[in-house]
Amino acid sequence: MAEDAVQEACAQALRVWQAEGVPAKPGAWLTTVARNRALDRLRRESARPGKELAAVYEQVNTSDTAPELHPVRDDELRMMFTCAHPALDRSSQLALTLRLISGLTVPEIARALLQSDSAIGQRITRAKNKIRKANIPLRVPPPELLGERTPHVLGCIYSVFTEGYWSTGGPSAIRDELCDEGVRLAGELCALMPGNRDAHALAALVLLHDSRRRTRVDEGGALIPLDEQDRSQWDRGRIARGLEHLRSAEGALGSHLPQAVIAALHATAPSWQHTDWATICVAYDRLVAMTDSPVAAANRALAVGFRDGFAAGLAALDAVADDPRLARTNTVAPIRADLLRRAGRFDEAQRWYRVALDGSGSEPAAAFLRRRLAECVTS
């Protein structure tokens with residue numbers, strides 16, 4: 001494992017250093033990246049329930065329809081469609097798939113679904129018991145039933161990508177293997193269903209976000225906010241592919257479309273100062289109306305702050321801050337701190353950065369928050 005981690009670090013160095021130049025301390029850079037890769041791999045391999053996964057895989061691939069004859073050829077995609085069994089409610093389908101197939105831990109799934117760890121653990125256990133007691137067959141659905149299970153698969157793929165891109169715990173801000181898998185699966189789904197607009201919306205969303213992946217952390221692994229990222233290093237190829245998928249997604253009915261529009265507006269803005277905040281706010285309005293997501297509403301408040309002024313952004317945040325679903329996230333405090341800092345209210349911002357630090361489960365995020373706190377102290 002150590003040798004693999006070093007090889008991965010060297011491969012990443014070839015990509016990053018060619019684009020950004022050799023860092024001041026290349027040896028320390030390689031050591032940090034290799035250590036983080038090893039820790040990520042240990043966590044992922046220990047988290048994946050191997051025996052249960054093997055059992056699911058065996059059932060899926062010994063079903064009535066031979067894998068080579070079924071339109072879904074990708075193994076992970078086949079198992080995602082399989083776990084979307086109508087006998088299970090949607091939340092149980094998602095939790096079970098992310099645990100058994102994608103190998104996310106219970107805390108990671110809980111954060112993604114805005115539920116407690118115990119609730120997710122119980123949901124997964126009940127789902128497995130229901131499958132066992134009712135003798136529910138784990139088979140890939142026939143082609144004519146794929147459409148009704150696609151929303152589940154879309155949600156699973158985006159959850160996998162999100163946990164990679166905004167890793168909620170551990171030493172790394174980004175888990176490359178999850179980002180890569182999310183992008184790959186989104187592409188596989190579009191190839192399987194080229195006329196599905198929601199699949200194209202998801203592909204656009206993950207590609208547009210992923211175009212910024214290598215600019216999101218500094219040499220020490222701390223997060224770099226969007227307004228400080230080097231846009232010349234964004235992956236223009238991924239942006240172009242994302243925009244192509246976005247054009248194919250026109251008319252999609254799911255929530256990935258407004259999110260992809262927001263990502264596209266950021267990806268195509270020539271600078272932070274030229275960001276189209278008015279259109280971003282319109283997209284957030286649609287997203288909040290579609291999903292009733294308090295996280296989306298909190299992020300909308302930040303966009304309102306850039307469109308209408310930071311006092312307006314704080315007022316918009318106040319309107320959603322007491323939503324009990326946000327209690328399980330570290331969403332409100334860093335947004336409030338950022339708005340206060342930008343408004344020049346540094347003493348208040350310090351207090352909220354400390355609150356955000358108390359709730360941070362990611363060391364890279366904590367490093368960024370500590371930097372912002374120090375800036376407020378000296379301002």
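Taking the condition in contact (Cβ under 8 Å) with a residue 60 or more places away in the chain, under 19 Å from residue 161 (Cα atoms), buried (at least 24 other Cβ atoms within 10 Å of the Cβ) and not basic (Lys, Arg), does residue 256 pass? Yes: the conditions hold for residue 256.
Of the listed requirements (1) over 21 Å from residue 335 (Cα atoms); (2) under 19 Å from the mean Cα position of the chain (by Cα); (3) not charged (D, E, K, R), residue 233 misses just one: (2).
Among the conditions (1) closer than 30 Å to residue 218 by Cα; (2) of a type in the set (Gly, Ala, Ser); (3) at pLDDT below 85; (4) surrounded by 18 or more Cβ atoms within 10 Å (Cβ to Cβ), residue 95 misses just one, which is (1).
Among the conditions (1) closer than 30 Å to residue 220 by Cβ; (2) in a helix (DSSP H, G or I); (3) not basic (Lys, Arg), the only one that residue 104 does not satisfy is (2). So is residue 123 surrounded by 19 or more Cβ atoms within 10 Å (Cβ to Cβ), among the charged types (D, E, K, R) and under 24 Å from residue 324 (Cβ atoms) or not? So residue 123 fits the description; yes.
Kindly indicate whether any position in segment 210-222 is at positive phi and modelled with pLDDT under 95.
Checked against the condition, which is being at positive phi and modelled with pLDDT under 95, segment 210-222 yields at least one hit.
Candidates in segment 333-354 are the residues that are touching a Pro at 6+ places or on another chain (Cβ under 9 Å) and not charged (D, E, K, R); of these, the one that is surrounded by the fewest Cβ atoms within 10 Å (Cβ to Cβ) is 352. Kindly establish whether residue 296 is in contact (Cβ under 8 Å) with a residue 24 or more places away in the chain and of a type in the set (A, V, I, L, M, F, W, C). For residue 296, the condition - in contact (Cβ under 8 Å) with a residue 24 or more places away in the chain and of a type in the set (A, V, I, L, M, F, W, C) - is not met. The conditions of being over 25 Å from residue 260 (Cβ atoms), hydrophobic (A, V, I, L, M, F, W, C) and either crowded, with 22+ Cβ neighbours inside 10 Å or at pLDDT below 95 (or both) are not met by residue 326. Summed over segment 80-101, residues that are part of a helix (DSSP H, G or I) and over 24 Å from residue 292 (Cβ atoms) total 6.
Among the residues of segment 323-352, what is the count of those that are aromatic (Phe, Trp, Tyr) and under 23 Å from the mean Cα position of the chain (by Cα)? Adding up the residues that qualify gives 0.
The values are calculated or read from the model by the stated rules, or taken from the named source; none is laboratory data. Just so you know, these numbers come straight off a predicted model, no measurement behind them. Backbone-built Cβ (ideal geometry, glycine too); neighbour counts: all protein chains shown.
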